[in-house]
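Structure first, then comments.
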Amino acid sequence: MNKRTRLIFLGLSLLLLIGVGRFVTNDFDFLLNDFWFTSGFLLLILLSLIDQPHFSKDSSIFINAVTAGISLLLISEENRNWVFWLFLGITLYLALSSYLLMWVRNNPLTQENKWIQFFSRVNREIGKPQTLFSAFFLWGALNQFGLGSDGFNALLLYWVIFMILNIPAIAVIFNNLFEPKELEKQENALGSILGVQSKNTFLVKLFSERKQKIKLFDFVEFVYSIDDTRQIRKGIILDTYLLNEQQWIKVLTTAEINKIFENKPILKGHTDDIIYKISDVPENEYLETFVGIITENSSIQKIKFVYNSKASVNDGQLLEVRVKDTSVYYQIVEGITRIEQLENRNETGLIVGEAIQLGTWNHEKVRFEQFGWVPEINSPVYISSKIQDVEIAGTEFQIGHIPNTNFPVIINKELALTHHTAVLGVTGTGKSIFARNLIREYLKDETIKVICIDFTGEYKGKFDDLDPIDVINNTVADMAFKEIDEIELAVSKNYGKDNEATIAKRKEVSKTMHAEITSFMQNPAAKISIFELPDVNNTSGILEYTRLFFKLLFHIAKNDKSFGNKVCLVLEEAHTVIPEWNFVGIADKSSQSLLNSIAQIALQGRKYNVGLMVIAQRTANVSKTVLTQCNTIISFQEFDKTSSEFLSNYFGQGIANVLPNLKFRQAIAAGKALKSNVPMIFEVPEIIEPEIEEENK
Ligand SMILES: Nc1ncnc2c1ncn2[C@@H]1O[C@H](COP(=O)(O)OP(=O)(O)OP(=O)(O)O)[C@@H](O)[C@H]1O
Ligand SMILES: [Mg+2]
């Protein structure tokens, strides 16, 4: 019963009591003079107004006893028979003993010694208003009117009705007449708030006699008394646990949960700080997207959250957290289990997820932008929602999307080309197919020419639909190669020095190759070339030939601006072309000078619109001089230590840790050419290459 109903109840009972009194005595003198009336009145007040519903505390018994004692004084001297003295004795005993008990007791009753328990229980029974004042009332009425009289019978009837109405179950039904919602509310009451954690998370002690069963993620409703606005909050049960042998729950409230119920209250007349279960929950997807709440030690760049969810997540999953009314996105990079110590040797296991910040999403600019603050503790973490489709400019290309979302990962083709791009990953992860797809994108620009240096033969046939043209005609190449061989031989006979004849020959070879490259550059039909090597065994000759080729290419880029073209040099299996120095024999002069010619392109190429696309399995055996010049890196799965060190310098430790766990077609992208300037895990779409003849491996 709430206060209002109780007051109505009191008023009606009092009116009825006065009515009955007037009926049997014919005047109103009894209001001041009659003991039966005083005790009946006190019975009403104590039962109805001062609620002692379940049991009376020692202090209430003390008050009951003192008021009873005083009302006894109304009995006139001639009526003070042995019953009077018995009543007075009982009230005195109750007043004294309950006062004493108030001092002696300091534990819950069950933990007190048996004598205190005994007296407390006896006092509760005798001292409760129903017992004490009923006895007074009936005795007073009997004294006044005598057994069998109409007056006594009327008051007895009144008393019976009043007591019946006071039986809790009947009171509830009666009450329900006034407040239909009341019954539902009482049935749904779960417990009361005893603590708050950072505004939106409440600790609730459950009532032991609650009628509702609860489970994780049930929805609840309540009004929090400290809340000035007295808004009705809605939340979900995040956690249940035992503390001091009592059951507790943790309730999270969010604006999003309120929205599920269209911000409307379900129950009426909430008692403050009592949590009510909501049984009828509209269809919603809240629990499918709720992941957990932010926990301690989160930072601007990396959040930590306690995973507590029906939804399953993986590394790479995009998360959304509201920080100061802004949606900030994070990408999961780690999940760690943890054990948390509760009181009394209880423990609970947690999973703490870690996610790095991608930032806020700028839809117009189609990119993530860094956000400069950290979410509050206990902020809810959600699986990100979809975004509207985006428009991608012609100079850009979508290399993929963030796993399980439609957030695009976009690359600026021109920057990717001129500022060099590296594609890394262990064998079979899809580097080559990804690179070829990117090359096809490059080639959509008429002014771009692609030259693939592929000593492994992997690209053979893969671009047949684009009619690849040899930069250097086969017969010219054969001839040039023979000449170079002869020069090398002559030089080695001359103690490693050039003589006039070799110098002249070099010039001649250079000239022929120069002419070939120039004609390739000037031929609009020549888009792509697979740089193949003549079928010979002389590696030093091969390297010298390749070096000369790069030197001339760069020369043309520098002096003739490649005749208005941009050039992309693809170094497939890069360690075969640009090995790391300690993987090259020191004496291997030709290998070193080939490397130097490419390093020059790496260092200065962008000034002359010559870019590299370096494809490698491991970073360890590829020249760092070249690799560090790659301003954009796409890395598929990597296991080895050198790669992980190199890439964590580039991507940052947090995200680089994911490298060994990347799934098929997943990669980490970062660098200058990417629209969003934070490293992120993304998924490459299924690439279908046109007219693939057969695997050439
Ligand atoms: N995005 C993709 N779409 C379709 N198929 C793919 C994709 N990525 C990889 N594959 C499949 O995986 C196979 C291996 O890919 P790819 O040859 O590109 O690997 P790689 O990283 O170049 O390996 P290696 O280092 O051994 O050359 C391909 O033949 C292809 O079938
Ligand atoms: Mg490959």
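We did not get these values from a lab; they are worked out from the coordinates using the rules stated. Nothing here was measured: the structure is a model prediction, and the numbers come from that model. Positions of Cβ are generated from backbone atoms using ideal geometry, with glycine treated the same way; all protein chains shown enter the neighbour counts.
Residues with beta-carbon under 13 Å from that of residue 328, excluding residue 328: net charge, scoring Lys, Arg +1 and Asp, Glu -1?
Here the charged neighbours net out to -1.
To the nearest 500 deg cm²/dmol, what mean residue ellipticity at 222 nm is calculated for the chain from DSSP H runs of n ≥ 4 alone, each contributing -39,500 (n - 2.57), summed and divided by the residues?
My calculation for the chain gives -12500 deg cm²/dmol from helical runs alone.
As an exercise, use a Förster radius of 45 Å and the Cβ-Cβ distance of residue 310 and residue 653 to find the FRET efficiency, rounded to the nearest 0.05.
After rounding to 0.05, the efficiency reads 0.90.
Counting other Cβ atoms within 10 Å of each Cβ, which trypsin sites (Lys or Arg not before Pro) in region 192-260 have at most 13 and sit in a DSSP loop?
The qualifying sites are 199, 211, 213, 215, 230.
Please give me, ordered by residue number, the chymotrypsin sites (Phe, Trp or Tyr not before Pro) of region 72-172 that lie in loop per DSSP and have at most 15 other Cβ atoms within 10 Å.
Here no chymotrypsin sites (Phe, Trp or Tyr not before Pro) fit, given the DSSP loop and packing criteria.
Mind running the shape call on region 3-178? Use the C-alpha gyration tensor, a ≥ b ≥ c as the square roots of the eigenvalues: rounded below 1.5 for a/c, prolate if a/b tops b/c, oblate otherwise.
oblate
Please list the three semi-axes, largest first and in whole Å, of the ellipsoid equivalent to region 336-427, using sqrt of 5 times the eigenvalues of its alpha carbon gyration tensor.
In descending order, the three semi-axes are 38, 18, 12 Å.
Output the DSSP H helices from the chain with an along-axis C-alpha extent of no less than 20 Å and a mean Kyte-Doolittle hydropathy no less than 0.5.
Taking the DSSP H segments of the chain (at least 20 Å long, mean hydropathy at least 0.5), we get 3-25, 58-72, 82-104, 129-145, 150-166.
Going by Cα centres, region 130-165 and region 498-532 are how many Å apart?
Comparing the Cα centres of region 130-165 and region 498-532, I get a distance of 124 Å.
Residue 24: net charge of surrounding residues, Cβ under 11 Å, Lys/Arg +1, Asp/Glu -1, itself excluded?
It works out to a net charge of -2.
I need to check one value: relative contact order of region 215-334, counting alpha carbon pairs closer than 8 Å and at least 6 residues apart, in percent.
Reported relative contact order: 19 percent.
To two decimal places, what compactness ratio does the chain give when its Cα radius of gyration is scaled by 2.2 N^0.38 Å?
1.67
Considering all alpha-carbon pairs of region 308-375, what whole percent are spaced by more than 20 angstrom?
Taking all Cα-Cα pairs of region 308-375, the fraction more than 20 Å apart is 44 percent.
Volume per residue, Å³, of the convex hull around the alpha-carbon atoms of region 184-277?
So the per-residue Cα hull volume is 93 Å³.
Within 14 Å, Cβ to Cβ, of residue 216, how many net charges do the neighbouring residues add up to if Lys/Arg are +1 and Asp/Glu are -1?
Taking every other residue near residue 216 into account, the sum is +3.
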